[in-house]
């Protein structure tokens, strides 16, 4: 089974470097174009389902992908939403450094609960759709938590920067996940 996890396309907050957690910020024009390019790269695969975070930037990306691939139903999962950045949400890097010079954000979702939430969701959907290939649309920190767990910490949280509308491809067999590749944009992968 293949699982392609896609980070949502760009938003206006992404474009100016604002930390974007649980705020429901929609895609901007570039983000919509990124979603279309990602969908084109996925169109020759054998995808059976699309699962998405409940935040609009992910849902909009998922809708473009599902429409391009003629997948009628999109499954929504709250557990795929972005990390809660607490009081740092909505701040630019300069504002965060000024307000939180120690890097500790009040109300920040810690690594272990984030990992448990998103990895639990990944396993749930993999088991539900096995052996069919699926696409999941989520967020940078959420996907990095998955990468960190599957790679035993060599990738992911604190180590990997994921670009908007990038794809991470996983194989799921015998109850185990393996990383085929990560952080690849539509022009860096062979069309499925």
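Read-outs throughout are calculated quantities, based only on the coordinates presented, and are distinct from any laboratory measurement. In this text the structure is predicted, and so the values were computed from the model without any measurement. Every residue, glycine among them, receives a Cβ derived from its backbone with ideal geometry; neighbour counts consider all protein chains shown.
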Return one number: the angle in degrees, 0 to 90 and rounded to the nearest 10, between the long axis of the Cα atoms of helix 29-42 and the longest principal axis of the Cα atoms of the chain. 30
Extent along principal axes [Cα atoms of the range 1-111; Å; largest to smallest]: 47, 27, 20
Hey, what did the chain get for relative contact order, percent, Cα under 8 Å, at least 6 apart? 32
Once both labels are modelled 7 Å past Cα along the beta-carbon direction, what's the residue 46-residue 99 spacing in nm? 4.9
Helix 56-69 axis, angle to the chain major axis (alpha carbon atoms, nearest 10°): 20
Based on alpha-carbon atoms only, what is the radius of gyration of the range 99-192 relative to the globular estimate 2.2 N^0.38 Å? 1.17
Efficiency of FRET from Cβ geometry, residue 176 and residue 92, R₀ 30 Å, rounded to 0.05: 0.15
Helix-derived mean residue ellipticity, 222 nm - over the chain, DSSP H n ≥ 4, -39500 (n - 2.57), to 500: -11000 deg cm²/dmol
So what's the angle, to the nearest 10 degrees on a 0 to 90 scale, between helix 140-150 and the longest Cα principal axis of the chain? 70
Once the piece of chain linking residue 70 and residue 23 is laid out straight, how much longer is it, given 0.36 nm per residue of separation minus the C-alpha distance between them? 14.0 nm
Compute the FRET efficiency between residue 128 and residue 152 as 1/(1 + (r/R0)^6), taking r as their Cβ-Cβ distance and R0 = 22 Å, and round to the nearest 0.05. 0.30
Antiparallel DSSP bridges in the chain: what percent, to the nearest 5? 50
When ranked by the protection proxy of mean other Cβ atoms within 10 Å per residue, highest first, what sequence do the peptides 134-141, 71-78, 177-184 form? 134-141, 177-184, 71-78
